[in-house]
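A.B. asks: Below is a structure I'd like to ask you about.
The values are calculated or read from the model by the stated rules, or taken from the named source; none is laboratory data. If you're wondering where the values come from, they're calculated on a predicted model, not measured in any experiment. Neighbour counts are summed over all protein chains in view; Cβ atoms, including those assigned to glycine, are modelled from backbone coordinates with ideal geometry. Keep in mind that these areas ignore ligands, DNA and RNA; they rest on the heavy atoms of the full protein, side chains included. Shrake-Rupley method; radii C 1.70, N 1.55, O 1.52, S 1.80 Å.
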Amino acid sequence: MGVKTLVLLLTWLPSQSIVSPPMRGTEQKSWVPSSKTFQREWVVVDVKDQILGRIATRIAQILMGKHKPTYTKFLDTGDHVIVLNADKVRLSGKKAQKKTYNTFSGYPSGNRFIPFMDWMTKFPERVIEHAVRDMLPRGTLGRQLINKLHVYKGDKHPHAAQKPKNWELP
């Protein structure tokens with residue numbers, strides 16, 4: 001290698017004043033919770049005489065874990081939710097007479113429209129599950145979160161062994 005090529009090479013490389021070495025202890029470290037670092041709780045929510053949409057948003061937040069400081073949007077950090085008195089939930093205004101649910105069997109002309117009042121008399125649990133499911137993320141995480149929702153018609157539930165805490169809705 002000649003002197004000219006060595007000088008050209010040195011002038012081509014960036015100088016030390018431009019590129020400074022990293023300082024010690026200044027690296028930022030992110031902390032991501034894992035299943036070993038957080039504990040799931042069981043929460044009881046009484047929805048008697050509550051408006052469906054308002055309680056569904058609150059239940060979805062508890063299922064996702066948004067009420068905790070360890071919330072991570074791509075992890076299941078939420079709690080189990082037990083919903084009581086699902087048959088006593090209400091809608092505001094005239095929505096109880098106007099609201100319909102659409103079901104499709106997959107066959108031609110398999111589209112059915114079921115009024116809200118019919119679903120409330122037959123399957124009040126499904127009304128709350130449907131409202132909460134639509135507020136959860138789509139995909140595998142949403143399917144994992146909806147499994148932590150337990151809805152019951154009356155004011156009794158079989159989850160006393162989990163020692164659930166009462167949750168007051170605002």
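A.B. asks: Test of the criteria: in region 28-131, which chymotrypsin sites (Phe, Trp or Tyr not before Pro) are in a DSSP loop and have at most 11 other Cβ atoms within 10 angstrom of their Cβ?
C.D. replies: Trp31, Phe74
A.B. asks: Say the cut-off is 23 Å between C-alpha atoms; which of Lys98/Lys122; Lys48/Lys95; Lys99/Lys156 go over it?
C.D. replies: Lys99/Lys156
A.B. asks: Hey, another quick one. Normalised by the empirical 2.2 N^0.38 Å for globular proteins, what value does the Cα Rg of region 29-80 take?
C.D. replies: 1.31
A.B. asks: Among the trypsin sites (Lys or Arg not before Pro) in region 80-149, which ones are in a DSSP loop with at most 12 other Cβ atoms within 10 Å of the Cβ? Mind listing them? It would help to have the intermediate numbers written out before the result.
C.D. replies: Details: sites: Lys88, Arg90, Lys94, Lys95, Lys98, Lys99, Arg112, Lys122, Arg126, Arg133, Arg138, Arg143, Lys148; in loops: Lys94, Lys99, Arg138, Lys148.
When the trypsin sites (Lys or Arg not before Pro) of region 80-149 are filtered for loop state and at most 12 Cβ neighbours within 10 Å, Lys94, Arg138 remain.
A.B. asks: When we measure straight from the Cα of Lys29, which lysines land under 25 angstrom away, once same-chain ones fewer than 8 places off are left out?
C.D. replies: The qualifying lysines are Lys66, Lys68, Lys73.
A.B. asks: Given a 1.4 Å probe and every protein chain left where it sits, what share in percent of the accessible area of region 53-170 is carbon and sulfur?
C.D. replies: Using a 1.4 Å probe with all protein chains present, region 53-170 comes out at 53 percent carbon and sulfur.
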